[in-house]
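Let me begin by presenting the structure, written as C-alpha cells, before commenting on it.
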Amino acid sequence: MSKITPRERVRAVLNHQEPDRIPISIGGTGGKLTESRMALLRTHFGISDEVVEPVLVGPQMMRLDNRVLDVLGTDVRYLNMRPPTGFRMQEAPGGGWYYDWGLIYKEHPVSHMYDYVNHPLANATIKDLDSYDWPDPHDPARWEGLREEARQMYEQTGYALVAYRPTYNGLFELCQILRGTEQLLMDLALNPDFPEALFWKVGEVFKEFYQAQLDAVGDFVEWVELGDDLGGQSGPLISPKMYRTLLKPVHTDVIRSIKSHPSKPKVMYHSCGSIKVFIPDFIEMGVDILNPIQVAAKGIIPADIKAEFGEELCFL
C-alpha cells in the first residue's frame, strides 16, 4: 500500500474507508496528557526543555508539546483557544484559582485533579441569567495568532488538525458547575423551567464560541469537539425522556449552528459512561464521531457498538 499522510489517513476513516492503520490521537477530549506527564516524556525522548507557550485547557494552563507527539507518531494536532484579554493565574480568596465563566478551582490533594469549588448561579433565577457576566467569545485575544498557526501547520505538515473545544466543559457539565450538580438535578425534577432557560442561555454562548473559532480555523480543521458526560458506570445520569425534552434540543441547535458554518466541519461528541441509549439521539443531532467507547461502562461493548452504529458514526 502506498504511504499516506496522517491527514489522508484520518480523512479515510471519517469517510468510513479502511486506512493503512488506525489513526492515533493524543490531546483531544478524554485523551489529554497532564503537564507533568508531558515533561516526563520530553525527558525520556531527550527533547530539549525550551519554553513552550501554555494554553488554557480547562481549569489550568498546560504546555502541550507537539514535539512529543511527533516522536510518538500520532496523526492529529490540536488547535487551542487563547486566554481572554487580561487573563492571568490569580489566586482566589480562601485558596484556589480563578478560571473563566466566573469559576474557581482547586487541586485535589490526593488525585491532583482539579475541582471547581464555587457555583455562582446556585441561587439564581431565570431573570438573573441575562445579567450574569458571561465570557465574550469574540474577545480578539482568544483567537490571536490562531489562524496563522493553523495555516502554517496545515501547509507545512501532513497532520490532521482539530479544533479543541473552545468551552472546556460541555454544556450540561458546565451548567452543573454553575448551578451545582445536586441543585441542577433537583431543578430538572421539580423546577424544569430554570434548567431549560439555563441550557438555552449557555447554548447561545456556545454557538458564538464555535462560530468565532471556525471563523479563525475552520478552513484547516477536520472536526470540532463538544460533549458532556451523560452517563455513569451503570446507566444515564438523567432519564432519556428528560434529556430529549430539555437538553437534546439545545445540543441539536448548537450542532446545527456549527454545521451551518461555511467550513462545514464534522462534529465529535464526547460522553463518558453508559450512554448507549443516547447514541441514536447523537446521530439524529448530526454527530459524526463519538468519543470515547468506555468499555468498563454497562452495555458499552465495542463490537456491538460498531455493528449497530458504525455506518453512521466513527469512534475515537
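The values are calculated or read from the model by the stated rules, or taken from the named source; none is laboratory data. From a predicted model like this one, the values you see are computed outputs, not experimental measurements. Neighbour counts are summed over all protein chains in view; Cβ atoms, including those assigned to glycine, are modelled from backbone coordinates with ideal geometry. Just so you know, the surface numbers come from the protein's heavy atoms only, side chains and all, with ligands and any DNA or RNA stripped out. Shrake-Rupley method; radii C 1.70, N 1.55, O 1.52, S 1.80 Å.
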Practice item. Can you tell me the equivalent ellipsoid semi-axes for the chain? Use √(5λ) from the Cα gyration tensor, largest first, whole Å. Key: 30, 25, 19
Check your understanding: Over 29 Å between Cα atoms, which of 106/248; 201/306; 127/298; 201/298; 241/298 qualify?
Key -> 106/248; 201/306; 127/298; 201/298
Practice item. Using amide H atoms built 1.01 Å from N in the peptide plane, name the residues 5+ places from residue 227, or on other chains, whose amide H lies under 5 Å from its own. Key: 171, 270
Revision key, fill the gap. Relative contact order in percent for region 91-239 (Cα pairs under 8 Å, 6+ apart) equals 27
Review point. Expressed as cubic angstrom per residue, what is the convex hull volume of the alpha carbon set of region 127-280?
Key: 120
Practice item. Can you check what the net charge comes to around residue 20, using other residues whose Cβ is under 12 Å from the Cβ of residue 20 (Lys, Arg +1; Asp, Glu -1)? Key: 0
Practice item. Would you mind checking which residues have amide H under 5 Å from residue 237's amide H? H placed 1.01 Å from N; only 5 or more apart, or other chain. Key: 231, 232
Practice item. Take the solvent-accessible surface of the protein heavy atoms, probe 1.4 Å, and return the percent of it on region 119-263 that carbon and sulfur atoms account for. Key: 50
Practice item. Return the sequence-ordered ³J(HN,Hα) values of region 146-161 in whole Hz as given by the Karplus equation 6.51 cos²θ - 1.76 cosθ + 1.60 applied to θ = phi - 60°, using x for Gly and Pro. Key: 6, 5, 5, 4, 5, 4, 4, 5, 5, 7, 9, 10, x, 6, 7, 9
Point to revise | Net +/- balance of residues flanking residue 159 in space, Cβ distance below 14 Å, scoring K and R +1, D and E -1 | key: 0
Practice item. Between residue 66 and residue 182, with labels modelled 7 Å along Cα→Cβ, what's the label distance in nm to one decimal, could you check? Key: 4.6
Check your understanding: At a Förster distance of 35 Å, what's the computed FRET efficiency of residue 193 paired with residue 306, Cβ-Cβ distance as r, to 0.05?
Key -> 0.30
Study note, to complete from the structure: Phi angles of region 253-264, converted by Karplus (6.51 cos²θ - 1.76 cosθ + 1.60, θ = phi - 60°) into ³J(HN,Hα) in whole Hz with x for Gly and Pro, give 5, 5, 5, 4, 5, 4, 6, 7, 5, x, 6, 6
Review point. Which one of 69, 250, 216 is farthest out on the positive end of the charge dipole of the chain, using unit charges on Cβ (Lys, Arg +1; Asp, Glu -1) and the Cα centre as origin?
Key: 69
Study note, to complete from the structure: Under the Karplus relation with 6.51, -1.76 and 1.60 and θ = phi - 60°, whole-Hz ³J(HN,Hα) for region 270-287, x at Gly and Pro, equal 9, 8, 6, x, 7, 10, 4, 4, 8, 4, x, 5, 4, 4, 5, 6, x, 5
Study note, to complete from the structure: Under the rule rounded for a/c under 1.5, else prolate if a/b exceeds b/c, else oblate, using alpha carbon gyration tensor axes a ≥ b ≥ c, region 211-288 is classed as prolate
